[in-house]
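Note sheet for the following structure.
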Amino acid sequence: MSEKKKHTKTDEKAEERAEEKAEETTEAKAETGGSEPETQPEQKTEQKPESEKLLDEYKRLADDYKDKWYRTAAEFENFKKRNAETRRTAYEEGKADIIKKILFIGDNVERALSYEIDEKTKEGLSMLLRQYDEIMAGLGLEVINPVGEPFDPNFHEAVFSRDAKEGEQSGTVESVFLKGYKLGGKIIRYAQVVVIK
């Protein structure tokens, strides 16, 4: 019987020690805020906001780069349009300058035709003038030849004026001394005219 009591006492002491250890563990958990497995998710939650911050920063950078790309693309399109317009204007101005310089050729051929010359020469000059006129018309050149029209200072330059005779209307162009020309709606040479006053 004494052995039975010993076992029982030993068992009771072991149980008491186990209960004390369990209580100590519970108190330790309460002081530290829980067991270790519970603290690890807290560390993960601390890392999650940091990764979200990084993600937000990268999204902001991506939006910033996208906005800059759109702006650059728009600026480049505007540059192309401006450049095309500049080239077109430069071409038109260059063409007008060249045409102005060769207009005297047509004037001289017309003058030559007004003189008395042999028939073959006259025929050759007429062909040359016809070809000249076709080329100029192909370039978009319009002739201002206002004989019999009212004088308009926007298109005509009066180089001489004379008094009106009976039946003539005052302010009318009697004759053209030098034809005028327009290119693309813009006057490149005013018609030099004789006006009836």
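Laboratory data are not the source of any read-out in this text; all were calculated from the coordinates shown. Treat the numbers as computed from the prediction; the structure is a model and nothing was measured. Quick reminder, even Gly has a Cβ in these numbers, built from the backbone with ideal geometry, and neighbours come from all protein chains shown.
Restricting the stretch 47-154 to GluC sites (Glu not before Pro) that sit in a DSSP loop and have at most 10 other Cβ atoms within 10 Å of their own Cβ leaves E116.
What percent antiparallel are the DSSP beta bridges of the stretch 142-197, to the nearest 5? Working shown, then result.
Values: 12 of 18 bridges.
In the stretch 142-197, DSSP labels about 65 percent of beta bridges as antiparallel.
Ranked for footprinting exposure by Cβ neighbours inside 10 Å, fewest first, L128, L103 give L128, L103.
Between K182 and D118, the simple label model (points 7 Å from Cα in the Cβ direction) yields a spacing of 4.3 nm. At q = 0.17, 0.18, 0.23 Å⁻¹, what is the base-10 log of I(q)/I(0) for the stretch 51-139 according to the Debye formula with one equal point scatterer per Cα and no solvent? Please give it to two decimals. Rounded to two decimals, the profile gives -0.84, -0.88, -1.07.
Do any trypsin sites (Lys or Arg not before Pro) in the stretch 61-168 lie in a DSSP loop with no more than 11 other beta carbon atoms within 10 Å, and if so, which? If you can, show how the numbers build up before the last one.
Values: sites: K66, K68, R71, K80, K81, R82, R87, R88, K95, K100, K101, R111, K120, K122, R130, R162, K165; in loops: K165.
Sparse-neighbourhood loop trypsin sites (Lys or Arg not before Pro): K165.
Find how much the distance from K100 to D133 grows on full extension, using 0.36 nm per residue of separation minus their present alpha carbon separation; answer in nm with one decimal. Can you show the working numbers first?
Numbers: separation 33, 0.36 × 33 = 11.88 nm, distance 1.39 nm.
Stretched out fully, the K100 to D133 stretch lengthens by 10.5 nm.
Relative contact order, whole percent, for the stretch 54-197 stands at 20, derived from Cα pairs under 8 Å and 6 or more residues apart.
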